[in-house]
Amino acid sequence: MQTIPKTMKAIILKGHGDYDQLSLKHDYPTPKPKANEVLIQVKAAGVNNTDINTRIGWYAKNDDLSKNSSWSGDTLSFPRIQGADVCGYIVKVGENVDSNRIGERVLIEPSLREINGEVLQNSGYFGSECDGGFAQYTVVSARHAHKIESKYSDIELASFPCSYSTAENLLSRANVSEKDTLLITGASGGVGSAAIQLALARGTKVIAITSPKKFDAIKALGASQVISRDDDIIQVLGENSVDVVIDLVGGATWPKLLEVLKPKGRYAISGAIGGAQVTLDLRTLYLKDLNFFGCTELEPYVFSNLIKRIEKEEIRPLIAKVYPLFDIVTAQKEFLEKKHIGKIVLEVS
């Protein structure tokens, strides 16, 4: 049986603010699994927008960062270990968990319905409402540790949980099928590139919006058409031209996304890096009979479906760069430059 150290290396978020709020600890207490939890030795953890948004207090809707500053809208407690994307191995289980699970390679479902053995009324997020994967060890309720059997490496697998489950949830909620023409904004990011692959696995025609220098890479993923984010999409595509919009950007050009939707079209969103405040003409919404989906909490079946797609290799990992855990600041700075395609992953040794 593996010897589990009493302390571990971990990246600690001390409070809301800049990069100086991130601190590497060499002797942070190793967590212990409660009755319904498992202890996971982390091998790799991906970098995500939610890590940065939580650190800077972006989720708070007012200037008081002491309140409503977490992903769920609750008050965040510090210190906090962030990291929503985790691939690792179960090394210890709580008393209510089958000991045969020890040794399983797992991916952690980031959208949590249970934390510390308590079922949540509203879902929480791994690395926000509880400690996450930017450490050598982490704990999570056994139901959220999904066994994975795959030829992909630990680093490759760590690119999947957050971005791909978000994309799968968006596509599922919007009921995307082979009959649809789909428009994806922010197509070169982790969620956008995942959505392209997952839509193609459904047989869907994909139109992608990204920067011109990333056109070739996005076409190589299988997009039928690629549009510059600086283009006027109404002029390029025409009104009433797509069945579904998957939006990861928001921002000032948002109203045009509704104009290119066909009557009874579906719009699904899970990000607003281009701007959270938009202008909605309600006449467009009701006269076109549009359907809106805000997508954060995963539907119960989404992560299990994602695991199956990974194991069948219907989708593939897109690794932009790998950094060691201690180099998290460099990784986040590169992430925010948005020059990459796919995922930036931290290797945990």
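The values are calculated or read from the model by the stated rules, or taken from the named source; none is laboratory data. Quick caveat: nothing in here was measured; it's all calculated off a predicted structure. As a convention, Cβ positions derive from the backbone with ideal geometry for all residues, glycine included, and neighbour counts pool all protein chains shown. Accessible surface areas use protein heavy atoms only, side chains included; no ligands, DNA or RNA. Shrake-Rupley method; radii C 1.70, N 1.55, O 1.52, S 1.80 Å.
A few notes on this one:
- Looking only at the range 177-206, and only at residues there that are over 22 Å from I319 (Cα atoms) and of a type in the set (V, I, T), the one that is farthest from the chain's Cα centre (by Cα): T181
- Residue check, L258 more than 24 Å from I52 (Cα to Cα), open to solvent by less than 20 Å² (accessible area, probe 1.4 Å), at pLDDT 95 or above and over 18 Å from the mean Cα position of the chain (by Cα): yes
- Residues in the range 109-119 that are open to solvent by less than 10 Å² (accessible area, probe 1.4 Å) and over 16 Å from N305 (Cβ atoms): L112 only.
- When G342, G265, G275 are checked against the criterion of being farther than 29 Å from H146 by Cα, open to solvent by less than 50 Å² (accessible area, probe 1.4 Å), at pLDDT below 95 and not acidic (D, E), a single residue qualifies: G275.
- The residues in the range 195-218 that are closer than 14 Å to T185 by Cα and open to solvent by 60 Å² or more (accessible area, probe 1.4 Å) can be counted, and the count is 1.
- Meets criteria (within 13 Å of I315 (Cβ to Cβ), touching a strand residue (DSSP E or B) at 6+ places or on another chain (Cβ under 8 Å) and either open to solvent by 10 Å² or more (accessible area, probe 1.4 Å) or assigned to a loop (DSSP other than H, G, I, E, B) (or both)) for E156: yes
- Some residue of the range 228-235 being in contact with a Phe, Trp or Tyr (Cβ under 9 Å, 6 or more places away or on another chain), open to solvent by less than 20 Å² (accessible area, probe 1.4 Å) and closer than 23 Å to L290 by Cβ: no
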